[in-house]
Ligand SMILES: NC(=O)c1ccc[n+]([C@@H]2O[C@H](COP(=O)([O-])OP(=O)(O)OC[C@H]3O[C@@H](n4cnc5c(N)ncnc54)[C@H](O)[C@@H]3O)[C@@H](O)[C@H]2O)c1
């Protein structure tokens, strides 16, 4: 029996509510399979922890996390703690220090998911977002603060290593699945970083003559996400652009309650981290109405990562069964079920499929 050691950081707001449901589904998959299991260790890190201890995680937190096979995270951020502290000192710190340089965000309209777009489109893309540098590198300067001559610099950092490895990852993914790769950049305005990005994309593409390639400016790509999403298969883009276009992606593929993400360290030197894209949703926290499907989808990504792709796919099918049935959905999907009822419905659907 293979046991996967999971560090669980439920975090703030609806984080703990949705994570419970993802764990229910993971446990059901393990039980039905019988050849693997999960061993969870919970960490109370987040904004409440910050208010008590003045820090977002224990001093030896990163060292502790290294011992795990994966991290399952709910959401961080809550009113009262500035977002740049809560995100940078926990979430972004883990992504960076564990070199989780790939952020995988599937944008797929599941069967039965609410349709935002008027026309029937095939929406099935995988956005490969650069996750370690770019516009979120945290480098810059604030000079003459508060004075009339104040100057603020936020530097986008694009290294050859960082740019090449993310583009190559996207090509490998496309080659494996027989899909095209689309690069999203902005070379016409960002005359250093994005011209460089386009050059590296061109260079790497030469190693993959069998993969069809497209390149769009981020403004045009944003429009096509809405008007013609079917043209995108594997998409590769920078940290900031990826953050924004995947929210458009969430909008066209069922909403934030269905948007999942994985932060991958492809070398597996450090644990990878799985989390829903949404935040802690303070407006609905504690009401037990948060949609757990995004967290469950990220659990399915975790199953893929552990080589249990058949279970990852079965979890998605179970989610589709629940969506198509339509009787057990949370209010954001016009239903009246609670978070745990939806989690239970997916777990039952998974069970039913196998038995
Ligand atoms: N990865 C993360 O941990 C992450 C991501 C984004 C925002 N945040 C943090 O979360 C806090 C709130 O941010 P925000 O309000 O901009 O974004 P949010 O994603 O928390 O919420 C945006 C809107 O979507 C709704 N929503 C989100 N997830 C939902 C779900 N699962 N089910 C039903 N409705 C859902 C919320 O009720 C809210 O109306 C902030 O502190 C922010 O920094 C954290």
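Values in this text are rule-based calculations from the coordinates and carry no lab data. These figures come from a predicted structure and were not determined experimentally.
If you find the alpha carbon centre of segment 93-122 and of segment 26-47, how far apart are they in angstrom?
A separation of 23 Å, based on Cα centres.
Find the relative contact order for segment 18-131 and round it to a whole percent, using C-alpha pairs within less than 8 Å whose residues are 6+ positions apart. Numbers along the way, then the final one.
Working: 89 pairs, mean separation 21.7, N = 114.
After rounding, I find 19 percent.
Dividing the convex hull volume of the Cα atoms of segment 154-195 by its residue count, what figure in Å³ per residue is obtained? Intermediate values should be presented prior to the final figure.
On the way: hull volume 3.1 nm³, N = 42.
Once divided by residue count, the hull of segment 154-195 is 75 Å³.
Report, in cubic angstrom per residue, the convex hull volume of the C-alpha atoms of segment 95-243.
153
Test of understanding: in a Gaussian network model of the chain with alpha carbons linked when under 10 Å, which of 258, 323, 153 would top the mean-square fluctuation ranking?
153
Over the Cα atoms of the chain, Rg to Rh with Kirkwood Rh, two decimal places? Don't jump to the answer; show the numbers that get you there.
Numbers: Rg = 20.2 Å, Rh = 21.0 Å.
With Rg and the Kirkwood Rh in hand, the quotient comes to 0.96.
Taking 0.36 nm per residue of sequence separation and subtracting the Cα-Cα distance, how much length would be gained by fully extending the chain between residue 177 and residue 231, in nm to one decimal?
Values: separation 54, 0.36 × 54 = 19.44 nm, distance 1.56 nm.
Extra length available between residue 177 and residue 231 comes to 17.9 nm.
So what's the gap between the Cα centers of segment 303-352 and segment 222-240, to the nearest angstrom?
Comparing the Cα centres of segment 303-352 and segment 222-240, I get a distance of 26 Å.
Using 0.36 nm times the number of residues separating residue 2 and residue 192, minus their current alpha carbon distance, what extension gain do you get?
Values: separation 190, 0.36 × 190 = 68.40 nm, distance 4.75 nm.
Extra length from residue 2 to residue 192 when fully extended: 63.6 nm.
Rounded to the nearest 500, what is the chain's calculated 222 nm mean residue ellipticity when only DSSP H runs of at least 4 contribute -39500 (n - 2.57) each, over all residues?
Details: 12 runs with 142 residues, N = 355.
Result for the chain: -12500 deg cm²/dmol, rounded to the nearest 500.
Please report the antiparallel percentage of DSSP beta bridges with both residues in the chain, rounded to the nearest 5.
On the way: 21 of 49 bridges.
Looking only at bridges with both residues in the chain, the antiparallel portion is about 45 percent.
Would you kindly work out the equivalent ellipsoid of segment 26-157 from its C-alpha gyration tensor and give its semi-axes, the square roots of five times the eigenvalues, largest first in whole Å?
Values: eigenvalues 218, 132, 48 Å².
Equivalent ellipsoid semi-axes, largest first: 33, 26, 16 Å.
Find the centroid of the Cα atoms in segment 252-287 and in segment 145-175, then give the distance between the two in whole Å.
Rounded to whole Å, the Cα centres lie 21 Å apart.
Pick out which of 300, 139, 280 has the largest mean-square fluctuation in a Gaussian network model of the chain, springs linking Cα atoms closer than 10 Å.
Of 300, 139, 280, the Gaussian network model singles out 139 as fluctuating most.
Compute a Gaussian network model of the chain, connecting alpha carbons closer than 10 Å, and tell me which residue from 27, 239, 263 fluctuates the most.
27
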